[in-house]
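What follows is a set of notes on a single structure, which appears directly below.
The values are calculated or read from the model by the stated rules, or taken from the named source; none is laboratory data. Every value quoted in this text rests on a predicted model; they were computed, and no experiment measured them. When we count neighbours, we look across all protein chains shown, and the Cβ atoms used for this are built from the backbone with ideal geometry, even at glycine.
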């Protein structure tokens, strides 16, 4: 269930962030991504607490990405990490480059 759920959300041309709404790092990641001119429908925040399988989802995210913490940020099929990595990519300009590569920007 968890594996299918996670894999069904990740797409090559989309930005997907697995979050918990109470997490401050998740909110910071949302703020950063909402500032980017991402095309409608290509940015999704997935609240893993809205499922009954939160622990299983986090276990699968750890298997997939090496960490079970949220946020887990996927740009296309690649997990770039969490909030710290997203902040660093924003500062360096790498975030915009990666978003352009998957043609997610307006």
* Of all residues making up segment 32-67, the number that are more than 13 Å from the chain's Cα centre (by Cα), surrounded by fewer than 15 Cβ atoms within 10 Å (Cβ to Cβ) and outside any loop (DSSP other than H, G, I, E, B) -> 7
* Structure fact -> Residue pairs within 9 Å by beta carbon, gap of at least six or interchain, first lying in segment 67-79 and closer than 7 Å to residue 18 by Cα, second in a loop (DSSP other than H, G, I, E, B) and modelled with pLDDT of 95 or more, listed first then second, are 70/20; 70/23; 70/82; 71/20; 71/23; 71/82; 72/82; 73/82
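If I ask for residues that are over 17 Å from residue 85 (Cβ atoms) and either in contact with a strand residue (DSSP E or B) (Cβ under 8 Å, 6 or more places away or on another chain) or outside any loop (DSSP other than H, G, I, E, B) (or both), which ones from segment 15-31 would you list? Spell out how you get there, then give the answer.
Pass one, segment 15-31, residues over 17 Å from residue 85 (Cβ atoms): 20-22.
20, 21, listed by residue number.
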